[in-house]
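> The structure is given below, and queries will be raised subsequently.
The values are calculated or read from the model by the stated rules, or taken from the named source; none is laboratory data. Since the model is a prediction, treat every value here as computed from it, not as a measurement. Every residue, glycine as well, gets a Cβ built from its backbone with ideal geometry; the counts of neighbours run over all protein chains shown. Heavy atoms of the whole protein, side chains included, go into the accessibility calculation; ligands, DNA and RNA do not. Shrake-Rupley method; radii C 1.70, N 1.55, O 1.52, S 1.80 Å.
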Amino acid sequence: MALALSSAPSLALNIAPEQLSLINLHPEGADHSRALGVSNGRQVGVVIKIGEGYDQNPTAALWHGSADSLIRLSPFLSTAYAIDHDQQGGFIGMAASLWEGSPESQLTLLTDTSLSYQGGVVRALDNGWQAGEVRFPCRTEDPTVPGVYHAAIWNAAAVPDGLPTILHFGEECRESIVWGIDGATATDPGQQVGSYALDGRHQAMLWSGSADSVVNLNPTGSLESVAYGINNGRQVGYYSPEYLVDHAVVWHGTAEGAIDLHPRDMDASYAFAIDGPWVVGTMYPDESDDSKRAVLWNLADHANPIDLSALLPEPYNFAEAMALEADRAGNLVIVGSVFNPTAGTQEAVLWTYRPVLFAAVLPAARAVAVGQPASAFANLINTGSATAEGCSIGLPEEIAATFIYQATDAENRPVGIPNTPVDLPPDASQGFVFSITPTGPLATTDIPLLFKCENAGWAPSQSFVNTLTLTAMDSAPPDLLAIGVTPSGDGVVRLNGAAGIGVFATAAINLGPMGELRVSADTRGLDLPLNLTVCETDAAGNWLSCDSSALNRIVAAGETLFYSVFATGKGEPIDFDPAAHRILLRFESDGMTVGATSAAVMTH
């Protein structure tokens, strides 16, 4: 059931009600429910029904976007914590368990009885690997000491008997848990995050598939910490800078440089999941559990989170956000739960968030000397139904540079006052010119510029669409200002059939000194079914030289170069996905990117 959203303001940055929708997953007749994981349009969690046939037990739940789609994965005591494509993970009774969409598909992950492990829980899944913990009956002379959990990973498909790899280290009567896993391949478990109990308090840990690979993430001076989520080399959770004070945090693989995400004026905060730049969790205005509020961060602008609870309809009050899934266009699906004080129920929900702001940047790359400004143009579009107020451009705080932006008129001439936000009417666009002046050397970095409006959130960051790849050196390198064009004039290379051929042409002028160039084409690391050939041409389009890998030449200061990129399909279709399916023409000097332009690619 879709719920109507309020127009209440958010914590620090507002979004329009049209950007967020809330769907209630709570099944009719249930007393409580929570959604804990999401993948590919499906959600997992737990449903509690007090009454005959349920034995007052929580039962593992699988949804497909609505309350009516509920599948109870077990009639027994169980919870599903994680989902990855067609696989769900959790526990039944005391047994770590997997499902593939039905109760009949249930698989118990066994533990090594020779080591006395008994039972366990699957808390995370990634590419065929499972992560969580197994229960270890602590060997002690005191029979009242209960068993403890030890961090573990499984590969159920590769190890038919379901035996885990134990990540626990140190004393056997201490506890360790894995909460997240990412980067796994068919043969490599990637990285895992969780915690280890040290001196009575948990400390956040990062593993790379073995006990001896562990890295302690606990920040210096922190009394306690736990890492709950991991994605693309970043980890999220919480740490305690003071006694009984918990702050949401993001790490980059080490304890040093952890970034505090704690929102202003909150009593406590926790980050549970991360996908790309997006993080979700929970914050508390006071010590009461009834004050719990769901929160969304954009790491590029983490000081200005979105309070998802502020848009809840009546009668719902407190909420939690436990997991999310983001696509390349910036659309989000967030799952968690809300509390209904009228019915006295905790109810599973999912939020869908869609951006209304979109941006583009030209050129795609610049290369300058330290202290020299690198300028480019940007265009911001408001697709929403209301005026976007206070629209601006900014730099991520980790970029060591000064930044200036200014609105432009229809002919790209600066207007107004530099660094002054502007309003943007619905279905309208605004041009900007901006400059980045690096204060120190900068190896080639794809900078995700921060386009935002005070009442419309952020424009999604899309590499080589609205980012600027910048290189800064002590001495000025070549600086190729490159602009590409496609036959259709809309920036899309269209192959006539899956084995067809498409092309785009580029002109590039060197604004820097003379230097050696390597010119190549690629699909930015994405394995698209294409063969690419780069050809240098003259101004009339006559071919001078071609190569399927790269061309090398000397470029003079002020010289203009001309290139074409030919894309030949390998017989497989390529969908229209302009944020991801792109061909990049890259200019490099001394291994650094000093110019670039790109075009979307598709078959038709």
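> Going by the structure shown, is Thr439 touching a Gly at 6+ places or on another chain (Cβ under 9 Å) and under 20 Å from Pro277 (Cβ atoms)?
Taking the combined requirement at face value, the residue does not satisfy it.
> Say we look at region 552-583 and pick out the residues that are open to solvent by 20 Å² or more (accessible area, probe 1.4 Å) and part of a strand (DSSP E or B); which of these is farthest from Thr603 (Cα to Cα)?
Result: Ile554.
> Moving on. Hey, Tyr270 hits all of (1) of a type in the set (Phe, Trp, Tyr); (2) out of contact with any Ser or Thr (no Cβ under 6 Å at 6 or more places or on another chain); (3) surrounded by 15 or more Cβ atoms within 10 Å (Cβ to Cβ) but one; which does it fall short on?
For Tyr270, the exception is condition (2).
> Select, from Ala319, Ala310, Ala323, Ala300, the only residue that is buried (at least 18 other Cβ atoms within 10 Å of the Cβ), touching a helix residue (DSSP H, G or I) at 6+ places or on another chain (Cβ under 7 Å), among the small types (Gly, Ala, Ser) and over 27 Å from Gly200 (Cα atoms).
Only one candidate qualifies: Ala319.
> For region 277-291, which residues satisfy the criterion of being open to solvent by 20 Å² or more (accessible area, probe 1.4 Å) and without any contact (Cβ under 8 Å) to a residue 40 or more places away in the chain?
Tyr284, Pro285, Asp286, Glu287, Ser288, Asp289
> While we're on this one: Can you pull out every residue in region 523-536 that is surrounded by 18 or more Cβ atoms within 10 Å (Cβ to Cβ) and in contact (Cβ under 8 Å) with a residue 40 or more places away in the chain?
Matches in region 523-536: Thr523, Leu528, Leu530, Leu532, Val534.
> Only one residue in Gly200, Gly183, Gly170 is surrounded by fewer than 24 Cβ atoms within 10 Å (Cβ to Cβ), at pLDDT 95 or above and on the phi > 0 side of the Ramachandran plot. Which one? So that I can check it myself, show each step before the final result.
Details: Gly200 fails: at pLDDT 95 or above; Gly170 fails: at pLDDT 95 or above.
One residue alone meets the criteria, Gly183.
> Only one of these is in a strand (DSSP E or B) and more than 28 Å from Ile181 (Cα to Cα): Ala343, Ala348, Ala360, Ala321. Name it.
Ala360
> Pairs please, first residue from region 164-177 and within 19 Å of Ser97 (Cβ to Cβ), second anywhere and of a type in the set (A, V, I, L, M, F, W, C) and assigned to a loop (DSSP other than H, G, I, E, B), Cβ atoms under 8 Å, 6+ apart in sequence or on different chains.
Partner pairs satisfying both residue conditions: Pro164/Leu109.
> Among Leu163, Leu77, Leu115, which is the only one that is open to solvent by 20 Å² or more (accessible area, probe 1.4 Å), modelled with pLDDT under 95 and closer than 23 Å to His64 by Cα? Working first, answer last.
Details: Leu163 fails: closer than 23 Å to His64 by Cα; Leu115 fails: closer than 23 Å to His64 by Cα.
Result: Leu77 is the single residue among Leu163, Leu77, Leu115 that is open to solvent by 20 Å² or more (accessible area, probe 1.4 Å), modelled with pLDDT under 95 and closer than 23 Å to His64 by Cα.
> Has region 255-268 got at least one residue that is in contact with a helix residue (DSSP H, G or I) (Cβ under 7 Å, 6 or more places away or on another chain), more than 26 Å from Arg328 (Cβ to Cβ), in a strand (DSSP E or B) and not basic (Lys, Arg)?
no
> Counting only residues that are under 13 Å from Ala35 (Cα atoms) and surrounded by fewer than 21 Cβ atoms within 10 Å (Cβ to Cβ), how many does region 326-338 have?
Going through region 326-338 one residue at a time, the tally reaches 0.
> Applying the selection to region 208-234, what residues are under 27 Å from Ser288 (Cα atoms) and surrounded by 14 or more Cβ atoms within 10 Å (Cβ to Cβ)?
Selection gives Asn218, Pro219, Ser222, Leu223, Glu224, Ser225, Val226, Ala227, Tyr228, Gly229.
> Quickly run through region 494-503 and pick out the residues that are open to solvent by 10 Å² or more (accessible area, probe 1.4 Å) and not in a loop (DSSP other than H, G, I, E, B).
Listed by number, the residues that qualify are Arg494, Ile501, Val503.
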